[in-house]
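One structure below.
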Amino acid sequence: MFRTPVINDTELDTKILQWDLYLRWTPYDNPDFHVLRKAAQLTFTRYLKHGSFHDLQDSIVLQERVLDHPSVQNAHSYGSLGALAIALAERWYQISQVEDIQRAISLHEEALDLHVTPDEDRALLLGNLALTLIYQDLSDAQPLRIRRTIFLLREALAISPICNDTAAILNARLGRALERFYSCSEGQMSDLDEAISVCRKAVDLLPAGHVDRPEALMSLSNAIGRKDAKSRGPGAEECRFLYRLTLDEMSPTHPRRVSCLSSLAYLLCIAYDTKRGSRADLDEGLQMCHEAMALLDPAHLIYPAVVGRLGVALSCRFSYFPQNREDLDYSILLHEKAMHADPLSSASRYIHVHNLAHALEIRYNKFKDVADLQRAIELGREALELCPPGHPDHHYSAGVLSLRLILHPSVSISAIDEMVDLFAAILRDEFEPTRTGRSTPLNTTARLFHARFLRSGEPSDWSRCMELFEAATADPYSDYVERFEAAKEWITVTQSSNSTEATMKAYQMAVDISPHRIYPALDLSSQLDNLKREFASVSCDAAGCALALADTLRAATMLEQGRATFWSQRLQLRSSFKGLPQELADRLFESSRKMEEYTDLKRSPSASGEQKLLQQRAQHESFQQLVREVRTYPGYHEFLQPPGNDSLVKAAEKGSLVMLLSSRHYGSFAIIIRHHSSVAEHIPFPSLDFDDLTKMAGSFQHSVRRVREEWRSEAREGHFRLKLDKRRLVPEEEPDIMTRLWTTVAEPIIRRLGLKKCPSYDTRPRIWWCCAGPFASLPIHAAGRAGVNAEYLSDYVLSSYVPTIGCLTQARSYAHSMPLEVKKVLIVAEPEVEGQVPLPNAIAERQIIYNKLREKGVPLSSQPKPLARQRLTDILRDMEDASIVHLACHGRQDPDEPLSSGFVLRDGRLTISDVIRLKLHNTHFAFLAACESASGDREQPDEAIHLGAAMLFMGVKSVVGTLWRASALQSSRAKLMALQVDG
């Protein structure tokens with residue numbers, strides 16, 4: 001009986017060579033039977049490990065000779081029959097010769113007829129017949145065949161030893177059969193649960209390096225992946241981990257490597273598309289797809305699947321990066337090829353039909369050729385026929401077809417009625433109220449009712465549409481990403497109908513979901529990328545909608561709640577747990593400490609990297625569970641919730657707060673919360689819309705860049721003048737921008753507050769500016785009008801900026817526990833860095849500050865010397881216990897990797913990622929005399945991803961930074977943005 005021997009590659013090659021030489025030197029028609037059988041067995045084993053088709057062919061030839069040998073006519077011939085049968089089944093898998101699979105099944109059945117004793121040999125024969133039937137089902141899906149397969153495997157397990165290699169491989173195959181049984185619409189969720197359970201048992205029984213372990217790992221991955229498609233749990237991360245683990249245990253030419261590569265590639269691309277992955281995942285997935293294609297013969301049984309997955313990857317890339325139409329056109333070509341290559345009876349045919357329809361829909365959305373949409377609808381109907389009621393993907397097929405019908409400009413009401421009835425049945429029969437993923441069919445049904453309302457005008461259709469959208473957005477058993485998608489659709493529908501109150505309800509749901517949008521099993525950089533791809537302007541639009549309803553305080557609350565999601569999650573881990581029961585506080589502290597360990601996590605395309613992401617997600621869920629537990633205690637129902645109305649009013653106790661926002665839909669406004677006032681008021685800016693502000697911000701940045709290049713040229717030539725012509729310092733576009741900011745923004749606010757010019761700097765009142773959207777890229781503090789009757793904002797107030805009101809509140813809470821005296825000052829000066837313009841005044845600046853502080857007896861972290869250079873590691877260490885930090889160096893804002901933005905030092909860059917790891921609660925003040933230290937990402941300004949904000953959120957009480965690239969000539973001039981948070 002054939003059993004896979006445990007043998008290392010060197011020994012395997014040596015033995016095969018020995019037996020091959022022996023057989024060459026013996027008569028062909030009278031070889032030694034045992035040598036012949038051993039040579040066949042070892043050659044097939046090498047094929048299983050390394051995938052050489054030549055080895056597979058040789059093993060079949062040798063097995064045929066074994067069967068022809070006179071010695072096979074004995075009681076053990078069943079073993080030779082079984083060995084040839086499994087080799088033929090493998091050849092069928094590789095090149096799809098129909099006669100191979102038919103003969104393999106016949107030989108297996110003949111072997112079972114010869115060996116009826118219920119022992120381990122019969123168990124192996126049953127298991128190999130089952131595997132052969134699974135292979136056959138890949139191209140000709142028949143539920144009865146899979147039922148028979150499951151029956152055979154259960155019989156085999158009943159007569160097999162419980163805990164050996166045979167039991168392991170039988171469990172893996174049973175799991176694979178159960179997963180296919182579920183996939184062909186015959187099975188239940190309990191079948192998937194059993195599939196996962198028996199596959200885990202198989203993996204546990206097989207040690208690393210065992211030749212059958214990759215099969216067990218892949219069977220487990222498939223079962224988990226199928227269940228995750230329904231539950232949207234942590235299965236996707238575990239699947240990626242298992243696939244990477246499998247690849248690590250496979251040789252580069254392993255016969256299942258193509259399947260494993262293609263499956264992992266698909267998961268990586270889908271992860272990006274569903275907000276569970278990063279751009280690096282998409283790129284790696286594409287690379288793996290191409291690698292799999294290069295290893296694949298067109299006759300291979302899984303050729304259609306591999307081709308289709310490359311098509312999915314390309315259409316996914318085009319959806320987010322549509323610069324290259326060739327991606328989409330090639331994707332469509334690949335899906336056509338996959339669909340035509342897959343037999344009509346294949347269980348996976350509907351997948352290729354779906355993929356082609358989806359690519360055509362993408363092309364329609366981009367280029368508006370109705371022929372593409374019409375064909376996508378036809379393909380959608382075909383896919384729905386292939387996925388009848390009871391099929392796991394029936395509701396998905398119905399959903400995508402419904403949405404394509406809605407897109408069609410001439411769709412009939414009867415077609416919409418048909419889909420409404422279909423989804424009523426789906427919600428009734430397939431989605432009980434507690435099932436995960438119910439939000440998606442609810443959302444689709446809502447959109448169908450809206451489409452019918454647009455055609456019928458029936459008020460009942462509108463009412464039902466609103467009810468369904470609300471249910472889809474509020475469903476507690478659905479994934480936050482699904483619920484957020486439903487909220488976005490709800491907003492779009494209500495805005496198009498000018499139903500402001502309904503839109504406000506939808507926005508409130510979206511804002512409430514907003515803090516949960518970040519997928520926990522991602523590194524920090526990928527979390528930011530997903531925030532950028534998500535509904536970035538939700539907070540400004542929500543606040544604008546509230547203002548349209550004259551609900552100013554609600555607008556302020558929503559603006560605060562929907563912004564700086566990235567930082568809010570970081571701050572949760574730094575919260576005070578005082579006042580809680582000690583045992584619960586200790587658990588929270590320990591959980592938050594473990595969560596902070598993942599701050600350093602970088603994406604690693606490896607099994608260990610995927611495992612860390614799994615651990616990160618588990619730790620995140622543990623922390624959130626503890627938070628939910630705290631909220632059940634009396635008086636703690638708002639624990640770690642965004643600040644409410646009372647918190648916003650309290651934040652203005654030391655000076656007025658002004659929140660500036662701009663929305664594409666509702667216009668631009670200021671929200672004012674006055675000093676010692678319990679109400680909020682707002683000022684509209686009717687002459688300043690979102691596009692105006694965006695253009696102003698772009699123009700301002702452009703003018704600053706142009707002047708910066710002039711300064712850089714002078715610096716390279718060594719011309720460092722201490723005094724410059726004012727005309728040179730102010731680009732020609734800038735006065736117009738500053739004047740417009742004064743007349744349209746600053747002056748109306750000053751007049752509303754009733755402020756007067758103050759000759760004394762010390763007597764000017766403070767305003768804290770909280771700027772959202774395009775306002776975050778403009779220097780509000782520099783607004784003014786030059787000329788005879790010159791007026792500047794700085795004549796009236798002292799301006800400070802806060803990324804969020806919560807950041808201001810937090811800084812004040814830290815201030816209460818800060819020591820009043822200055823314990824240590826850290827001064828860093830980096831005048832020369834390779835590849836950067838010299839900063840010759842940096843050392844002089846450092847010395848001046850040092851001398852002044854020494855006169856006052858303030859302790860410094862180190863004695864500044866003319867040629868001293870502080871190392872990055874020393875600076876990071878000293879920052880945590882410094883009361884004041886002064887950095888005089890180059891700074892760089894990285895638009896592609898915002899967390900890599902940082903201060904340029906001789907031995908590296910002090911990045912935002914570095915700052916996030918620090919605890920700066922003892923730091924009173926940081927002066928960042930570096931370029932762009934308060935300049936955020938223009939694509940996601942509401943996340944405030946810049947060095948100044950990082951310092952504030954990590955505990956520094958007050959920060960001064962620059963909005964743009966400052967030269968050495970500017971370093972001490974007025975164009976500094978004061979990010980001050982003063983208690």
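Tell me, what % of the accessible area of the chain is carbon and sulfur with a 1.4 angstrom probe?
In the chain, the share of accessible area belonging to carbon and sulfur is 52 percent.
Just to be sure I understand the model, the point goes 7 Å from the Cα along the line to the Cβ. What's the resulting H54 to I7 distance in nm?
It works out to 1.8 nm between the two label points.
Top to bottom by accessible area (1.4 Å), largest first, where do E681, E109 land?
Result, largest first: E109, E681.
Residues with beta-carbon under 12 Å from that of L360, excluding L360: net charge, scoring Lys, Arg +1 and Asp, Glu -1?
Summing Lys/Arg as +1 and Asp/Glu as -1 gives -2.
Given the chain, what percent of its DSSP beta bridges are antiparallel, to the nearest 5?
Around 50 percent antiparallel, to the nearest 5.
Angle between the Cα long axis of helix 143-159 and the longest principal axis of the chain, 0 to 90 degrees, nearest 10?
Taking Cα atoms only, the helix is inclined about 80 degrees.
Taking the 0 to 90 degree range and rounding to the nearest ten, how far is the long axis of helix 213-231 tilted relative to the main principal axis of the chain, both from C-alpha atoms?
That works out to roughly 50 degrees.
Which value, in debye to the nearest 20, gives the size of the charge dipole of the chain about its Cα centre, when Lys and Arg are +1 and Asp and Glu are -1 at the Cβ?
Dipole magnitude for the chain comes out near 4060 debye.
Helix-only mean residue ellipticity at 222 nm, the chain, DSSP H runs n ≥ 4 weighted -39,500 (n - 2.57), per residue, nearest 500. What is it?
After summing the helix terms and dividing by the residues of the chain, the value is -19000 deg cm²/dmol.
With the calculation restricted to Cα positions, what are the radius of gyration and Dmax of segment 631-690 in angstrom?
When restricted to the Cα atoms of segment 631-690, Rg and Dmax are 15.2, 49 Å.
Once the other residues with Cβ under 15 Å from the Cβ of L688 are scored (Lys, Arg +1; Asp, Glu -1), what is the net sum?
With Lys, Arg at +1 and Asp, Glu at -1, the net is -2.
Rounded, prolate or oblate, given the Cα gyration tensor of segment 608-652, with a/c below 1.5 counting as rounded?
oblate
For the chain, build the charge dipole from Cβ charges (+1 Lys, Arg; -1 Asp, Glu) around the Cα centre, then report which of L442, S687, H69 sits farthest towards its positive end.
Highest projection toward the positive end goes to S687.
Treating only the Cβ atoms of Lys and Arg (+1) and Asp and Glu (-1) as charged, compute the dipole magnitude of segment 15-60 about its Cα centre; round to the nearest 20 debye.
So the dipole magnitude of segment 15-60 works out to roughly 200 debye.
If you scale each eigenvalue of the Cα gyration tensor by 5 and take the root, what three semi-axes come out for segment 215-287, rounded to whole angstrom and sorted largest first?
20, 16, 8
If you plug each phi of segment 296-308 into the Karplus form 6.51 cos²θ - 1.76 cosθ + 1.60 with θ = phi - 60°, what whole-Hz ³J(HN,Hα) values come out, in order, with x for Gly and Pro?
For segment 296-308, the Karplus-derived couplings read 9, 8, x, 7, 4, 4, 9, 3, x, 5, 5, 4, x Hz, x marking Gly and Pro.
What percent of all Cα-Cα pairs in segment 549-674 falls into each 5 Å bin, going from 0 up to the bin containing the maximum distance?
2, 9, 15, 16, 15, 13, 11, 11, 6, 2, 0
Mind ranking 396-408, 871-883, 799-811 by how tightly packed they are, going by the mean number of other C-beta atoms within 10 angstrom, highest first?
Packing proxy ranking, top to bottom: 799-811, 396-408, 871-883.
Would you work out the Kirkwood radius for the chain? I mean one over the mean of 1/r across all pairs of different Cα atoms, in Å.
Kirkwood hydrodynamic radius for the chain: 32.3 Å.
Can you list the HN-Hα couplings for segment 773-787, worked out from phi with the Karplus curve (6.51, -1.76, 1.60; θ = phi - 60°), rounded to whole Hz and with x for Gly and Pro?
Result, ordered by residue: x, x, 4, 5, 9, 10, x, 4, 4, 9, 4, x, 10, 7, x Hz.
Once amide H atoms are built 1.01 Å from N in the peptide plane, which residues 5 or more positions from D907, or in another chain, come under 5 Å H to H?
Hits under the 5 Å cutoff: L872.
Non-local amide H neighbours of V885 (under 5 Å, H modeled in plane, Pro and chain starts lacking H): which ones?
Amide H to amide H, under 5 Å and 5 or more residues apart or across chains, V885 pairs with L826, F925, A926, F927.
For segment 550-562, in order, what is each residue's ³J(HN,Hα) by Karplus, 6.51 cos²θ - 1.76 cosθ + 1.60 with θ = phi - 60°, in whole Hz (x at glycine and Pro)?
3J(HN,Hα) across segment 550-562, in whole Hz: 6, 9, 5, 5, 5, 4, 5, 5, 5, 4, 5, 5, x.
Give the peptides 157-165, 176-184 in descending order of average Cβ contacts within 10 Å, highest first.
Packing order, densest peptide first, comes out as 176-184, 157-165.
Compare the Cα positions of A123, V915, L427 along the charge dipole of the chain (+1 at Cβ of Lys, Arg; -1 at Cβ of Asp, Glu; about the Cα centre) and return the one farthest towards the positive end.
Result: V915.
Rounded, prolate or oblate: which fits segment 100-234, taking a ≥ b ≥ c as square roots of the Cα gyration tensor eigenvalues, rounded meaning a/c under 1.5, else prolate when a/b beats b/c?
Verdict is oblate for segment 100-234.
Taking a ≥ b ≥ c as the square roots of the eigenvalues of the Cα gyration tensor of segment 437-512, is the shape rounded (a/c under 1.5), prolate (a/b larger than b/c) or oblate?
Verdict is oblate for segment 437-512.
Residue separation times 0.36 nm, minus the C-alpha to C-alpha distance between T253 and E880: what's the value?
Net length gain for the segment: 220.5 nm.
For segment 657-700 and segment 473-515, what is the separation of their Cα centres, given in Å?
Cα centroid of segment 657-700 versus Cα centroid of segment 473-515: 23 Å apart.
Out of Q615, P774, S52, whose Cα points farthest toward the positive end of the dipole of the chain (charges: +1 Lys, Arg; -1 Asp, Glu; placed on Cβ)?
Going by the charge dipole, the pick is P774.
The values are calculated or read from the model by the stated rules, or taken from the named source; none is laboratory data. In this text, all values refer to a predicted model and were calculated from it rather than measured experimentally. When we count neighbours, we look across all protein chains shown, and the Cβ atoms used for this are built from the backbone with ideal geometry, even at glycine. SASA here: full protein model, heavy atoms, side chains in, ligands and nucleic acids out. Shrake-Rupley method; radii C 1.70, N 1.55, O 1.52, S 1.80 Å.
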